[in-house]
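The next block holds one structure in the form of structure tokens; read it before the comments.
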Amino acid sequence: MHNTHLITYKQLAKLYSIVSMAFLLASSSVPMLLMFLVSFTVSSLMGSSLGNFNQNFDITWGDGRAKILSNGELLTLNLDKASGSGFQSTNEYLFGKIDMQLKLVPGNSAGTVTAYYLSSKGSTWDEIDFEFLGNLSGDPYILHTNVFSQGKGNREQQFYLWFDPTTDFHTYSILWNPQRIIFSVDGTPIREFKNMESRGVPFPKNQPMRIYSSLWNADDWATRGGLVKTDWSQAPFTASYRNFNAKDACVWSNGASSCGTNSSAAAASSNTNAWLSEELGSTSQQRLEWVKKNYMIYNYCTDAKRFPQGLPPECNAS
């Protein structure tokens, strides 16, 4: 395994470039300066061998269109007119802090969807979604998020990203503990879904979930509501994955958790499981609000027309 704390000459050169850009941004936007520095730290300095795809994942469909390469350090999904492809984790998790680096389909990706999510099974399943909706060349991807609990979703929030997600790998993270779910991009939180069972809102906390990802054709809805179709002359479309990290996660096996207990209070009492009670600090909260203000393009909690009988109860929380 590579030492994630060593900075190569190439990384130092990139750091110089990033910092130079940061100084240009500093006069106009302090939050954007923070975003650049955090993004560099998380994306550029992560080790190149955090998780091995041969050990941690199974390719589940695609008839050879999904490939594990570089001795398990890289996984690619491909989509052509005949089929997409997908994979899933060998482990199930009941709470975790999970990172994956993705590089999305470049160029004209209209009609394609790259899905990366946690999900349980059954008719009352739980699910935590990242979905990346492709677009025409030069138009931004839409990052679609959702949370299902006991089979009920309809909690969509959508965002643009503050970078091109097709030119390099970026880190997409889910923190899932008994109190909250936090979606993050390159260490910047973009969404928080809190446990509001006290208000009658179901929260995913009892069903172990696997990690799934797939690349598939959804041109009946993905781009501009289905108006823009997939250009198959651009196929095959490819999404790439690396640096899976679930070292801070509770693996569920044979009805028991690797964290030793379902009680968050007991498990979080250990420093090694501090993530089980982790919450957003003031700086992270400011970055979250900055993303909401500048990059959120849809929020179910403000869509009164969609909920004529009243917004969902979690939307009315202070």
Next item on the list: Starting from the range 293-318, keep only residues that are under 16 Å from Ile142 (Cβ atoms) and of a type in the set (S, T, N, Q), then list their pairs with residues that are open to solvent by 70 Å² or more (accessible area, probe 1.4 Å) and in a helix (DSSP H, G or I) whose Cβ atoms are within a distance under 9 Å, requiring at least 6 positions of separation or different chains.
Entry: Asn299/Lys292
Item checked: Test: Phe148 is touching a His at 6+ places or on another chain (Cβ under 8 Å) and open to solvent by 10 Å² or more (accessible area, probe 1.4 Å) -> no
Item checked: Residue identified as surrounded by 17 or more Cβ atoms within 10 Å (Cβ to Cβ) and without any contact (Cβ under 8 Å) to a residue 60 or more places away in the chain among Phe244, Phe237, Phe203 -> Phe203
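Yes or no, residue by residue, for (1) in contact with a Cys (Cβ under 8 Å, 6 or more places away or on another chain); (2) part of a helix (DSSP H, G or I); (3) closer than 21 Å to Ser120 by Cβ; (4) of a type outside the set (A, V, I, L, M, F, W, C):
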position	(1), (2), (3), (4)
Pro202	no, no, yes, yes
Asn206	no, no, yes, yes
Val251	no, no, yes, no
Leu280	no, no, no, no
Margin query: Against the condition open to solvent by 60 Å² or more (accessible area, probe 1.4 Å) and of a type outside the set (D, E, K, R), how does Gly134 come out, does it pass?
Written below: no
Notebook entry, point to check: Only one of (1) in contact with a strand residue (DSSP E or B) (Cβ under 8 Å, 6 or more places away or on another chain); (2) among the polar types (S, T, N, Q); (3) at pLDDT below 95 fails for Gln158. Which number is that?
Noted result: (3)
Item checked: Residue ranges of strands (runs of 3 or more DSSP E) in the range 52-101 with at least 3 members crowded, with 18+ Cβ neighbours inside 10 Å and aliphatic (A, V, I, L, M) -> 74-79
Next item on the list: Keeping to the range 184-200, report how many residues are open to solvent by less than 40 Å² (accessible area, probe 1.4 Å) and not hydroxyl-bearing (Ser, Thr, Tyr).
Entry: 8
Note to self: Can you say whether Leu288 is in a loop (DSSP other than H, G, I, E, B), within 22 Å of the chain's Cα centre (by Cα) and at pLDDT 95 or above, as far as the supplied structure shows?
What the structure shows: no
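The values are calculated or read from the model by the stated rules, or taken from the named source; none is laboratory data. Here the structure is a predicted model, which means the values were calculated and not measured. FYI the Cβ positions are ideal-geometry reconstructions off the backbone, even for glycines, and counts take in every protein chain you see. SASA here: full protein model, heavy atoms, side chains in, ligands and nucleic acids out. Shrake-Rupley method; radii C 1.70, N 1.55, O 1.52, S 1.80 Å.
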